[in-house]
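Following: one structure in structure tokens, then a few remarks.
All of the numbers you see were taken from the coordinates with simple rules; none came from a lab. Predicted, not measured: the structure shown is a model, and the values here were computed from it. We place every Cβ from the backbone using ideal geometry, glycine too, and count neighbours over all the protein chains shown.
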Amino acid sequence: MISLFGTKKEKQPRRSQNMPRRRDFAAAKIDRLTAGWAGVSTSADAAARNTLTRIRARSRQLAADNDYARRFFKLCRSNVVGSQGINLQVRAIERETSQGVQFDDRANGMIESAWYDWAKKKNCTIDGRLSWIDVKQLIVETVAKDGEIFVRKIRGRAAGNAFGFALQLLEADHIDETHHDVLPNGNKIRMGIEYNEWNRPVAYHVMNRHPGDSYYVSDQRTQRERILATDMIHLYNSERVSQSRGIPWMVSAMRRMNMLGGYEEAELVAARIGASKMGFFTSQEGTEYTGSGEDENGNIITEAEPGLFEQLPGGMSFTAFDPQHPTSSFGTFIKSMLRGAASGLGVSYNSLGNDLEGVNFSSIRQGALEERELWKLLQTWLIEHLCEDVFEDWLLMALTTQRIPLPLNKFEKFNKPIWRPRGWRWVDPLKEMKAYTEAVSAGFLSAQDVASDLGMDIEEVYAQLALEQRLRDKHGVVLGAPDARGMQAVIDAEAQDGQGNAES
């Protein structure tokens, strides 16, 4: 209805007092239980700017003194790189026909041979001390420990080898994370790295010496050198979009592992004192107690040694101190703490604690498979961010210098690397082999798939088998092998026997 004074507003229904209010997320609630739960929405660089140096130093300290931390870094080395490294196989194509692809075997062989020659320690790094396998192992451990590493690419005569290409490894300390600036061209230096307007790294400002190195000439000043991003590889695992620098992988487990190390030391000391039973003699003459010696303040020192009996002066009494350590819950508590640390590190407790007590085939296999997926993920990361980058620049320089006598204008043809990372042996070889055999027979897997899981190339396997066959024919050696039915009977019998042992 229209009134004399305009449109009449309708009355809004009153909110019922019993209607529930809109609820917020429980994780955002602030009360006495969550008052100490800090939640500041800062960028990744702002969060790390003031703490990264301390975190890195503590991670290195744990790597030096904590057994479990050292175990984790060894796991990273052995599982991501392994003893044989990540092997190269070049697959340059000569021609494609209706019958399939024909590879340029001659060119592929020349490139692979030259690559493995460069991979020796005299050629790979600028200082001539590390081989390519050493470089990969050191990079993986350093990134896990420090969060990042920088690899400088040296080209031309400065490389000091026939290929005109070498690498220089730089620790994270060489790029000062406290160095910030705005340049006249509009570029911004953030945590030692220069970015353009699109937040793309264009240069790295590198200090000419390690800031923690005390062995240098007194009049030598620390200077920064601007190195183009095309000459530098910055290796780190990015966990946030805005992250410029790498964070040590142990960051979430460091506090727990440090306190656990202190707890184990305290238990060990208490157990040693408890095992060193002592006794005391008293004399009526009241001979003065001398102890084992004095400290710098003149206080008497008493050492707890097994079977030691001291003499007390008259008027003094002894109160027994008999610590019962370690307690019965020591092992259970250690396991619980290590499980939490292992979860933060992404590995299984059995691997981190080096403990296979009480495990069965199913549990150890499940844990191994899950853990191997992490190692495969890191292998892919290392291949994409290091191996492919290094190989591309190495090949370009090797063709330019004619260390590899192939035409430079066919660079794209020859730049076809395939990387074979290490594989893993089976937890139960018999069962795994049977599963692979059935999968290949059913067409779900190829022989190359199986070989790749083991870190091998099927062509190399067949070549090795052919070579062995020729050697057997040459020397008249005949090896007996059961037929398919006999082999299947052996597999079934051993599998049944293994199942019976597991049930018992």
Q: Please give the net charge around Met257, taking every other residue with its beta carbon less than 12 angstrom from that of Met257, where Lys and Arg add +1 and Asp and Glu add -1.
A: +2
Q: Can you tell me the FRET efficiency between Arg106 and Trp381 if r is taken as the Cβ-Cβ distance and R0 is 35 Å, rounded to the nearest 0.05?
A: 0.60
Q: Sort out for me the Cα centre separation of segment 388-411 from segment 20-83, rounded to whole Å.
A: 42
Q: Rank the residues Phe163, Phe25 as a footprinting-exposure proxy: fewest other Cβ atoms within 10 Å of their Cβ go first.
A: Phe25, Phe163
Q. Of Lys413, Lys29, Lys145, how do they rank once you tally other Cβ atoms within 10 Å and put the fewest first?
A. Lys29, Lys413, Lys145
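Going by how many other beta carbons lie within 10 Å of each one, how would you line up Asp146, Asp24, Asp67, Asp45, fewest first?
Fewest-to-most Cβ neighbours within 10 Å comes out as Asp24, Asp67, Asp45, Asp146.
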